[in-house]
Amino acid sequence: AAPSSKARRYLAEAYLRLTEDETIWDETGHFEPSQWKERTGIENILKTCGTYLVELTSTSMVASKIHGAAYLGASCVRVLRKLWTNTAEDAAGELRDCLIDASSVVTILGR
């Protein structure tokens, strides 16, 4: 866990930069959403962020967990928005599942 809010923002920004750089995840000359999703772990990260963000409604919330989840969850949503091509492959495949988890994060942050 990052010890400060600034460190959590930097960590989320670093993750964002790594995940949005398609050249890192592209071994075949063509971006493969399924490989990218598996290697970045974005789906699990979104689920974890959503779990922590639900604590926003709790009276015993831990602010550092929520701050970290908000920064990281928002970064994941941003990279998904950038990589979403709205093709049949995306809609029926790997990124669709990530967007479902991302929508939970956005919903919680929008409350």
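Some points to look at:
- Accessible area expressed per residue, the chain, with surrounding protein chains retained (probe 1.4 Å, Å²): 60 Å²
- Distance between the 7 Å Cα→Cβ label points at T57 and E32: 4.0 nm.
- Karplus (6.51, -1.76, 1.60) ³J(HN,Hα), θ = phi - 60°, over the stretch 72-81, in Hz, Gly and Pro reported as x: 5, x, 5, 5, 5, 4, 4, 5, 5, 4
- Per-pair calculated FRET efficiency, R0 = 25 Å: K6 and R111 via Cβ, rounded to 0.05: 0.50
- For the chain, the Stokes-Einstein estimate of translational diffusion at 37 °C and a viscosity of 0.692 mPa s comes to 227 µm²/s, using the Kirkwood hydrodynamic radius over alpha-carbon pairs.
The values are calculated or read from the model by the stated rules, or taken from the named source; none is laboratory data. These numbers come from a predicted model, not from an experiment. So basically every Cβ, Gly included, is an ideal-geometry build from the backbone, and we count neighbours across all protein chains shown. Quick note on the areas: whole protein, heavy atoms, side chains included, nothing else; ligands and nucleic acids left out. Shrake-Rupley method; radii C 1.70, N 1.55, O 1.52, S 1.80 Å.
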